[in-house]
Amino acid sequence: MGLLSDPNRRRALISLLTRLNSPICVVCYMAGVAWFMGLAFEPFTLRTYMSENAMGSTMVEERFPAGERALTTGREFSAHKKKAGGMPVDWLVKTMQARGLEVFTQRFSRKLPFPDENKERYMVKGTNVYGILRAPRAPRTEALVLSAPCTPGDSNNQAVGLLLGLAQYFRNQIYWAKDIIFLVNEHDLIGMQAWLEGYHHTNTTGMDWSPLQGRGGSIQAALSLELSSDVITSMDLVLEGLNGQLPNLDLANLFYAFCQKIGVLCTIQGKLQRNDWDSVSGYSHSVQTMMLMVMKQASGRPWGDHGLFLRYHIEAASIKGINSFRQYKTDVTTIGRLLEGMYRKLNNLLERLHQSYFFYLMPSLSHFVSIGYYMPAFGLLAVILLLRALDLWVQLATPPPRTEDGITDKEQVSSPGVLSVLTPLVISHLTGVALYTLPIQFQEMAVEQFPVSETEAVVLTAIGVYTAGLALPHNTHRLLSGEGTEQGWRVLKLVAVLYLAVLLGCTALINFSLGFILALTLVPVAAFVTPHVPKVLSAFILVILSPACTLLFSVFFFQELQELPVSFQEGWLLYLSVISQGILDHFLYGSLVYPLIALLVYPCWLLFWNILFWK
Amino acid sequence: FDTSAPETVDPSSVPQPKDDFQEELVIRPLHSGDIYASFQFRTVWETDFMRGNKVSHYRLFPKSLGQVISKFSVRELHISFTQGYWRTMQWGQPFQPSPPGAELWVWFQDSAECKVYAAGCVDGTWKELTNVLSGIFCASLNFIDSTNTVQPSASFKPLGIGNETDHRFLRYATLPREIVCTENLTPWKKLLPCGSKAGLAVLLKSEKLFHSSFHSQAVHIRPVCQDWQCKTTSWELRQTLNVVFDLHNSAQGKREWSLFKMFSRTLTEACPLASSSKIYIDITDNPQGEQFEVSPATPLLSQAVVLGDRRTFSVYDLTQQITFGTVRSLNLLIRWKSSEGDMLRPLLHAERYVAGYGLQTGEIHTLMYNNHPYRSFPVLLLDSVPWYLRLYIHTLTVTSKGKDNKPSYIHYQPSKDRLRPHLLEMLVQLPPNSVTEVTVQFERALLKWTEYTPDPNHGFYVGSSVISSLVPSIVAMDTNSTRERPLFSSFFPCKEESSYFVRVYTEPLLVNLPTPDFSMPYNVICLTCTVVAVGYGSLYNLLTRSFQIEEPSPGLAKRIANIIRKMRGVPPL
């Protein structure tokens, strides 16, 4: 800091930074991207290791024997589900009671803001059934949760069967120190949301639910089980939760450790682990795995029923059984033993899971990238904004090289400066508010006026408002009295650049992936845009790099990563449904990505759009 | 019914002091298929610890406790150690309720030396007493201090004789975290006259007692009347042990219980020092033997009014040789014929939980169920909350059936940080067939770093709420105290015929406080110091000061020259 308090050296440093500003920015951008791509390279990452002592060193035996019986129960459940045309509440209650659990039910209902076309639901009514295995000689202060969603159709019956089988087996064991809650939730995430809100007696999303009767104290960990076939080839671990929250890494370590011990193939993001990290294909495999995690995390939506637990500081993950056409098959007994082992170790916990990382990316199940390693990639991108801001600040501070009337000129500039900054700021944020509120408000009107369904109406209104926002410069200029000055756009750009830096910084702290993806597209925009660049070309680039187009590319990229490429037509439809899902996630579960984009990121981008068309 | 037991006291012993020992085991088959066994050992001694005369000759009464009574002027002492939570919805009411963990409440004597500075004097005695008891029972009772001790004004009245009810002489504390195990059972067994050598106490084997769903052991000391005229008082020591064996864990799902299966022992004799030694089996739900069968059968039946209900018991008198039959050992067997287990609807039932998420605020919900179809009754709710949960007492709401239910009596003592807990006592009328919800919001305090428990911790415990009530009984209570009654039915004194006393404990709470990550204090300290020293200091410097290049101050000659030049009107050098 002595460097800065010496005016001479400060001047030298600043002149260096302003002179070489553009090259430094380019280098930083390249370095940021390169750093990020390097994260997936195995020698640069850490091996996962169990940090929690209570789960690491202690030995447990897995003896669950009753896989076949669990499958029979699953088939019985399926038959009763078909008969009841939904959740077979009475049968489940009776079955759980017969296994010696304390059984309770919870009814809930929710009217969606607009119909969900993916899952075909609008007015949702359902019942959750849960049974509590009371730990002997424990005072009901701690609990673990095992849940299996009751989904319509033929899927997930085996998961419920295995859940009931495990309940029966666990009930006969003496070693439990924590209550275990076996939950079968209807309407997947909506039911889970209702149950969690009921359990914690909060109401964040305006859902109707009946209060819970039985509780097990504070929940320490939860697993959600999805299993749709009698034999499986691999188990997939899903970690990404609401708003990009992740469970403690020890939960993933635990899963991996038991998969290794029992000999079950395990995957993350559906990708098996490979040993050839030094080959190009091995590297690109781990890049794919990591990018999938980044995309999923950035979406901010819960990727399994576990996702909603994380808000309550409950470590949770989903485990999905996958039956692909591999040779190696695993039966349900083995999966039961896997879960038994995991629950026994979780039961041993003496404290909440907190020893390991909460912020990480996983290029494979055995390797992880911690926050200390991935943050520099974002930092390198964010520093570009600060450098540009410094450059602008210096340009504003040094008076233009006019000697006589410089002083009077400056005074004239500064007074419209406030208005010329404030007007676009206010207008762009009003557009953002419109983008946030109008789609839901106007859906009925739109349905009456145009031949579209409610969901289409919402999505098309959103796109319409978004596009209408592009007329912002026109509106601003109408409001502004005089001509925009040279100083004016610099002040506006300075404000916009700093605004974007703060916005991205905060986003990256909470949800690194979202922050990084936004930075990747918005930082170049913020860096190069001035009123003096060629209009048409720049406008095109600006639109390409706007949040909506980023989302569109992300949809295609995500499909590509999953090795399910789509045509443009399908991709567009997918894009529309992703928008509607995003809006629904916000209203149903409190996902923050939609309001973040609509209320903050989009207005910020509009400011740059405004600068481009500065007169 | 009572076949008066033959006097087993050695005739050669001196007539003074007069003491008496009784032992008793009640077995109650529960609806759920579990089985509840409740032991009671009662020693009554007609003596006076208080009147200055030093009692030195002990026979049946344990000396360690006698000395505690006389040294600390204890008038009543109740201590319980419980592992597990009593499941009211499945098991009904217990004979002696107790909260999970350790509970201790003591009434002190209004002694002469404590007259003036009662509170301070009692506090000192209480501190010493907890330390002594901690040694006697091998428990962490020494963790009882002013931050978890309260003086309830109404919930805990003396159970023995005595008219002093000034709550300055009462101390109540719970340790919800206390773990009860063999080390607590052994000193408890040593207080028995026969130890675990003979009588019912041979059944108390820790490997079986701690292989159960619920385990609770307690010691109650109180002064009682010698006879119905109450001219002389004697001291009563009751040692109780309650245990519930689980159908699924202990019996492998078979609905068949025997003494051997429960305790891995059978009975061969009564304690020779006991004046009465009996086993009661609750057969009320089974008058014709359609639910379960008991073998060997006994002709002796007894009726007693317990917890507002008239129950029928089969009685096995261990002082009679015939009870043991030809094999000279008694192994009671209970075999179910039907298998159905429904949830019970006990008249009074309560539960408690913490609502909300995040580490800043929260809300404690206490639910009290009155399942009586048409009678409302008042309950006393006692809540003792540690100081680090800062209760917002203005948010206290009591609602029944969606309507505000104003408590007729509220005693609230706010907490003092690091000194004393919150104490909240309320008298609430529970309407018939209703759920009453008491909610109060709290804020989690940020502790000093030494105040956190050592690293492995589940969170911070908040002790159970206590709900005490006179519940309307189904049958008229037996208030005739002269008649001989089984021990388990005579613990809480009842004055009224139409209601009986019930105490219900809610589950303890586990609350997470905002905890810094102690695993890297060094990193945190380094980072903080660096940020403060380098970052903040220099940034502040840069922001508040403006820097300019200072000309070196001119020499004296140059200054004089400049003055001259100025006078001449020439620009300075």
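Data table
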item	result
Filtered residues of the stretch B:75-89 (kept if within 11 Å of another protein chain (Cβ to nearest Cβ) and either of a type in the set (D, E, K, R) or closer than 15 Å to B:ALA350 by Cβ (or both))	B:TYR85, B:TRP86, B:ARG87, B:MET89
Positions within the stretch A:330-343 being assigned to a helix (DSSP H, G or I) and either within 13 Å of chain B (Cβ to nearest Cβ) or under 16 Å from A:MET235 (Cα atoms) (or both), in sequence order	A:VAL332, A:THR333, A:THR334, A:ILE335, A:GLY336, A:ARG337, A:LEU338, A:LEU339, A:GLU340, A:GLY341, A:MET342
Breaking point among (1) within 14 Å of chain A (Cβ to nearest Cβ); (2) within 30 Å of B:VAL55 (Cα to Cα); (3) without any contact (Cβ under 8 Å) to a residue 60 or more places away in the chain, for B:LYS208	(2)
Filtered residue count, the stretch A:272-329, keeping only those that are within 12 Å of the chain's Cα centre (by Cα), part of a loop (DSSP other than H, G, I, E, B) and closer than 16 Å to A:LEU39 by Cβ	0
Residue tally, condition more than 14 Å from chain B (Cβ to nearest Cβ) and over 19 Å from A:ALA298 (Cβ atoms), over the stretch A:344-373	6
Within the stretch B:61-72, tally of residues that are in a loop (DSSP other than H, G, I, E, B) and over 29 Å from B:SER212 (Cβ atoms)	2
Residues of the stretch A:416-445 satisfying the condition of being out of contact with any Gly (no Cβ under 8 Å at 6 or more places or on another chain), more than 20 Å from A:HIS586 (Cα to Cα) and at pLDDT below 80	A:VAL418, A:LEU419
Of all residues making up the stretch A:234-262, the number that are in contact (Cβ under 8 Å) with a residue 40 or more places away in the chain and either over 30 Å from A:ILE597 (Cβ atoms) or out of contact with any helix residue (DSSP H, G or I) (no Cβ under 9 Å at 6 or more places or on another chain) (or both)	16
Residue in the stretch B:91-98 that is within 14 Å of chain A (Cβ to nearest Cβ) and at pLDDT below 90 present	yes
1 or more residues in contact (Cβ under 8 Å) with a residue 12 or more places away in the chain and within 14 Å of another protein chain (Cβ to nearest Cβ): qualifying strands (runs of 3 or more DSSP E) within the stretch B:259-369	B:348-355
The stretch A:311-326 residues that are over 14 Å from A:ALA252 (Cα atoms) and touching a residue at least 60 places away in the same chain (Cβ under 8 Å), paired with ones that are of a type in the set (Ser, Thr, Tyr) and part of a helix (DSSP H, G or I) (beta carbon under 9 Å, 6 or more apart)	A:ARG311/A:TYR589; A:TYR312/A:TYR199
Answer from B:VAL219, B:VAL224, B:VAL244 - the residue that is within 14 Å of another protein chain (Cβ to nearest Cβ), of a type in the set (A, V, I, L, M, F, W, C) and not in a loop (DSSP other than H, G, I, E, B)	B:VAL244
A:TYR175, sole failed condition from (1) surrounded by fewer than 22 Cβ atoms within 10 Å (Cβ to Cβ); (2) away from chain B (no Cβ under 13 Å); (3) not charged (D, E, K, R)	(2)
Complete set of residues in the stretch A:115-162 that are more than 26 Å from the chain's Cα centre (by Cα), acidic (Asp, Glu) and over 30 Å from B:SER213 (Cα atoms)	A:ASP154
Top-ranked residue of the stretch B:479-512 - restricted to ones that are more than 30 Å from B:TRP449 (Cα to Cα) and in a strand (DSSP E or B), ranked as modelled with the lowest pLDDT	B:SER499
Residue match in the stretch A:220-231 (condition: more than 13 Å from every other protein chain (Cβ to nearest Cβ) and β-branched (Val, Ile, Thr))	yes
Extreme residue, nearest to the other protein chains (Cβ to nearest Cβ), among residues of the stretch A:133-162 that are small (Gly, Ala, Ser) and surrounded by fewer than 24 Cβ atoms within 10 Å (Cβ to Cβ)	A:ALA138
Cβ-Cβ under 8 Å pairs, at least 6 apart or on other chains, the stretch B:513-536 side within 11 Å of chain A (Cβ to nearest Cβ) and over 18 Å from B:THR450 (Cα atoms), far side at pLDDT below 80 and not in a helix (DSSP H, G or I)	B:VAL534/A:MET1
Test result for B:SER464, at pLDDT 80 or above, under 22 Å from B:PRO158 (Cα atoms), touching a Phe, Trp or Tyr at 6+ places or on another chain (Cβ under 9 Å) and within 11 Å of chain A (Cβ to nearest Cβ)	yes
So A:PRO376, is it away from chain B (no Cβ under 14 Å), under 16 Å from A:GLY515 (Cα atoms) and either at pLDDT 90 or above or touching a strand residue (DSSP E or B) at 6+ places or on another chain (Cβ under 7 Å) (or both)	yes
Matching residues, the stretch A:55-87, being within 14 Å of chain B (Cβ to nearest Cβ) and under 18 Å from A:LEU339 (Cβ atoms)	A:MET55, A:THR58, A:ALA66
Residue count for the stretch A:557-615, restricted to those that are surrounded by fewer than 16 Cβ atoms within 10 Å (Cβ to Cβ), aromatic (Phe, Trp, Tyr) and in contact (Cβ under 8 Å) with a residue 24 or more places away in the chain	1
Subset of the stretch B:537-565 (residues that are surrounded by fewer than 10 Cβ atoms within 10 Å (Cβ to Cβ), at pLDDT below 80 and within 14 Å of chain A (Cβ to nearest Cβ))	B:SER546, B:GLN548, B:ILE549, B:GLU550, B:GLU551
Search result, residues across the stretch B:211-252 that are of a type in the set (Phe, Trp, Tyr) and surrounded by fewer than 18 Cβ atoms within 10 Å (Cβ to Cβ)	B:TRP228
Residue in the stretch B:162-171 that is over 21 Å from B:ALA270 (Cα atoms), within 13 Å of chain A (Cβ to nearest Cβ) and surrounded by 15 or more Cβ atoms within 10 Å (Cβ to Cβ) present	no
Scan of the stretch A:133-152 for residues that are part of a loop (DSSP other than H, G, I, E, B) and more than 16 Å from A:ASN185 (Cβ to Cβ), ordered by number	A:ARG134, A:ALA135, A:PRO136, A:ARG137, A:ALA138, A:PRO139, A:ARG140, A:THR141
Subset of the stretch B:440-461 that is within 11 Å of chain A (Cβ to nearest Cβ) and of a type in the set (Ser, Thr, Tyr) - its residue that is farthest from A:ALA138 (Cα to Cα)	B:THR453
Qualifying positions in the stretch A:4-27 - loosely packed, with under 12 Cβ neighbours inside 10 Å and either of a type outside the set (Lys, Arg) or more than 14 Å from chain B (Cβ to nearest Cβ) (or both)	A:ASN8, A:SER15, A:LEU16, A:ARG19, A:PRO23
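The values are calculated or read from the model by the stated rules, or taken from the named source; none is laboratory data. Remember, predicted model here, so these are calculated numbers, not experimental data. Because the Cβ atoms are built from the backbone with ideal geometry, glycine has one as well, and the counts that use them run over all protein chains shown.
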